[in-house]
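Novice: Take a look at this one; I'll ask things after.
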Amino acid sequence: MGGEENRPPIKQAVSIHKRLKLDTLLAGGIAGAAARTLTSPLDRVKILMQTQYLSSGGAADKYTGIWQTLVRVAREDGVRGYWRGNGANCVRVIPYSATQFVTFDHMKTTMAAVTGKGSPSVVERLCCGAIAGMAASIVTHPLDVVRTRMAVQPELMGIFHTWSVLWAEGKVGAMYKGLGPTLASLAPFVAINFASYDTIKNFFFPDRSQRPGTPASLLMGASSGIIAQSACYPLDTVRRRMQMKGRVYTSTINAIITISRTEGAFALYKGISANTLKVVPNNAIRFMVFENLKGSKVFAALFGY
């Protein structure tokens, strides 16, 4: 104990960083899976509305609104259609959410050790969140492509079939199609999301030993999700389009210009209503489950709090 306290800040930060926080990793993964499964129907609605122009070859919109899309999916695919691709979703979201939480936590701890400040600033929180978002995106991007393709191509028969089709299309390159706009949209989203939640939490709960209750964590998670998605949605539409089969856009900028010119600027915000309805409960549930797991007796027994 005493030897660690006498270490220089950078060496101490490295030592702290090397300690894998399994509780944060596990809580983050479970929280992500729970939130994603509960909001899967709205996620499929959003993806169908975002990508229909390409999947229909530019024909008239098949999906015109949230309720109409929900009804059509149920009629064409049955109730199970709402959860089509959710297996791939959870396979992706568990490591994705876990990586976000543990990376953000480690970066905050490292930042505090290096700067010598007890609490990071908003800018420092944004930097930690951006790094967490990029790390999680790079690790899980191939599964995100699989999820998108399964949601819009009914002929694909499961995760492994989709994986083999993608591999035949372009091997590793096809797996990482759209990574640029993914990083461009998700890094700021995660940065704003985590920084907003952490800032709000620090304001209302400055005592770190005190964990917010269920209503408070739900409200803080919903608020941070609304703030983040409002800023980043157009780039999310672009990355979904670039993950589709075929080479329609040459870059993120080209996609934004092409979509705005051929479909109108509003097309960049297609599905935002469904996304808002999905992001608010998803983010609220994710942070609520995370906080409750971290403060639970089960985790206390498992990890020796």
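Novice: Test of understanding: among Thr140, Thr115, which residue is open to solvent by less than 20 Å² (accessible area, probe 1.4 Å), touching a Pro at 6+ places or on another chain (Cβ under 9 Å) and at pLDDT below 90? Give the steps one after another, and end with the answer.
Specialist: Numbers: Thr115 fails: open to solvent by less than 20 Å² (accessible area, probe 1.4 Å).
Result: Thr140 is the single residue among Thr140, Thr115 that is open to solvent by less than 20 Å² (accessible area, probe 1.4 Å), touching a Pro at 6+ places or on another chain (Cβ under 9 Å) and at pLDDT below 90.
Novice: How many residues does segment 214-228 hold that are open to solvent by less than 10 Å² (accessible area, probe 1.4 Å) and within 25 Å of Thr51 (Cβ to Cβ)?
Specialist: Looking only at that region, the number is 2.
Novice: Ala130 is checked against (1) at pLDDT below 85; (2) assigned to a helix (DSSP H, G or I) and fails just one. What number does that condition carry?
Specialist: The failed condition is (1).
Novice: Residues of segment 167-222 being touching a Ser or Thr at 6+ places or on another chain (Cβ under 7 Å), polar (S, T, N, Q) and modelled with pLDDT of 85 or more, which ones?
Specialist: Asn193, Ser196, Asn202
Novice: Kindly indicate which of Gly116, Gly178 is within 24 Å of Cys90 (Cβ to Cβ), in contact (Cβ under 8 Å) with a residue 24 or more places away in the chain and among the small types (Gly, Ala, Ser). Lay out the reasoning, then the answer.
Specialist: Values: Gly116 fails: within 24 Å of Cys90 (Cβ to Cβ).
Just one listed residue meets the conditions, Gly178.
Novice: Just checking, how many residues over segment 294-305 are part of a helix (DSSP H, G or I) and either open to solvent by 40 Å² or more (accessible area, probe 1.4 Å) or in contact with a Cys (Cβ under 7 Å, 6 or more places away or on another chain) (or both)? Working first, answer last.
Specialist: Of the residues in segment 294-305, the ones part of a helix (DSSP H, G or I) are 294, 297-303.
Adding the requirement that they be either open to solvent by 40 Å² or more (accessible area, probe 1.4 Å) or in contact with a Cys (Cβ under 7 Å, 6 or more places away or on another chain) (or both) leaves 297-298, 301-303.
Count: 5.
Novice: Pull out all pairs, ordered by first then second residue, where Cβ-Cβ is under 8 Å, the residues are six or more apart or on different chains, the first lies in segment 254-272 and is within 12 Å of Val238 (Cβ to Cβ), and the second is open to solvent by less than 60 Å² (accessible area, probe 1.4 Å) and of a type in the set (Lys, Arg).
Specialist: Ala255/Arg241; Ile259/Arg241
Novice: Of the residues that make up segment 152-172, is at least one assigned to a helix (DSSP H, G or I), surrounded by fewer than 18 Cβ atoms within 10 Å (Cβ to Cβ), of a type outside the set (A, V, I, L, M) and in contact with a Lys or Arg (Cβ under 9 Å, 6 or more places away or on another chain)?
Specialist: Yes, some residue in segment 152-172 is assigned to a helix (DSSP H, G or I), surrounded by fewer than 18 Cβ atoms within 10 Å (Cβ to Cβ), of a type outside the set (A, V, I, L, M) and in contact with a Lys or Arg (Cβ under 9 Å, 6 or more places away or on another chain).
Novice: Which of the residues that make up segment 250-285 are open to solvent by less than 60 Å² (accessible area, probe 1.4 Å) and more than 19 Å from Pro181 (Cβ to Cβ)?
Specialist: Of the residues in segment 250-285, the ones open to solvent by less than 60 Å² (accessible area, probe 1.4 Å) are 251-252, 254-256, 258-260, 263-264, 267-268, 270-272, 274-276, 278-285.
If the condition is that a residue be open to solvent by less than 60 Å² (accessible area, probe 1.4 Å) and more than 19 Å from Pro181 (Cβ to Cβ), then Gly264, Ala274, Thr276, Lys278, Val280, Pro281, Asn282, Asn283, Ala284, Ile285 are the ones that fit.
Novice: Name the residue, out of Met107, Met49, that is surrounded by 22 or more Cβ atoms within 10 Å (Cβ to Cβ) and without any contact (Cβ under 8 Å) to a residue 60 or more places away in the chain.
Specialist: Details: Met49 fails: without any contact (Cβ under 8 Å) to a residue 60 or more places away in the chain.
After applying the criteria, what remains is Met107.
Novice: In segment 99-111, is there at least one residue being aromatic (Phe, Trp, Tyr) and more than 27 Å from Ala255 (Cβ to Cβ)? Give the derivation first.
Specialist: Our first condition is that a residue be aromatic (Phe, Trp, Tyr); within segment 99-111, this holds for 101, 104.
Going one step further and asking which of them are more than 27 Å from Ala255 (Cβ to Cβ), we end up with 101, 104.
Looking for residues that are aromatic (Phe, Trp, Tyr) and more than 27 Å from Ala255 (Cβ to Cβ), one finds at least one in segment 99-111, hence yes.
Novice: Pick from Arg240, Arg211: which is open to solvent by less than 60 Å² (accessible area, probe 1.4 Å), in contact (Cβ under 8 Å) with a residue 12 or more places away in the chain and of a type in the set (D, E, K, R)? So that I can check it myself, show each step before the final result.
Specialist: Working: Arg211 fails: open to solvent by less than 60 Å² (accessible area, probe 1.4 Å).
Just a single option satisfies the conditions, and that option is Arg240.
The values are calculated or read from the model by the stated rules, or taken from the named source; none is laboratory data. Since the structure is predicted, the reported quantities are computational estimates derived from the model, not experimental observations. With ideal geometry, Cβ positions are generated from the backbone for all residues, glycine too; neighbour counts draw on all protein chains shown. All accessible areas refer to the heavy atoms of the entire protein, side chains included, with ligands and DNA or RNA removed. Shrake-Rupley method; radii C 1.70, N 1.55, O 1.52, S 1.80 Å.
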